[in-house]
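The values are calculated or read from the model by the stated rules, or taken from the named source; none is laboratory data. Since we're looking at a predicted model, the values are computed, not measured. Here the Cβ is made from the backbone with ideal geometry for all residues, glycine too, and neighbour counts use every protein chain on show. With ligands, DNA and RNA removed, areas are computed over all heavy atoms of the protein, side chains included. Shrake-Rupley method; radii C 1.70, N 1.55, O 1.52, S 1.80 Å.
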Amino acid sequence: AVVRTTDDDGVYSDRLGEVSGTFDYQVCETDSGDCSNVASLTIESAMASTEAAGASLGVGEVPEVTELLGSYPNPFTASSLLRFSLTEATVARLVVYDAVGHEVARLVDGPVGAGYHEVSFDGARLPSGVYIVRLTIGSSFAQTRRLTLLK
């Protein structure tokens, strides 16, 4: 189950495996700590993404949109899996920047096939803080997400 929030809040994803039923989520605002909102989500026979590190998501499926899907876990303490989807084979670049815009890791830089992709980001040698992940496809597409490293 994926629950999307506003662009500046990122993406939340559960790793439930094959499930069905109704699940309640409580969403808390990080600024104020307000946890008064509760949302119910009903899932009828759904399959969540694979839990194997580095494994493809939706094997054999071609996504409908090119998108930087987010990361898991986020916040993270040592490493995080960054996910993205491509509607067609293309040259892609996935880069992580620190808060002042310096490149700290280039995870993808070259041809990538259509489909769902997952790349591991190792932040063990980096200081705690907010990092920016940017997926770029040529000069026609760029999308960013926030990634938080806690130590």
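Worth pointing out:
- Charge tally in the Cβ shell below 11 Å around GLY115, where Lys, Arg are +1 and Asp, Glu are -1, GLY115 excluded: -3
- Computed Kirkwood radius, in angstrom, where 1/r is averaged over Cα pairs of the range 59-120: 12.5 Å
- The 1.4 Å probe gives accessible areas that order GLU88, GLU118, largest first, as GLU88, GLU118.
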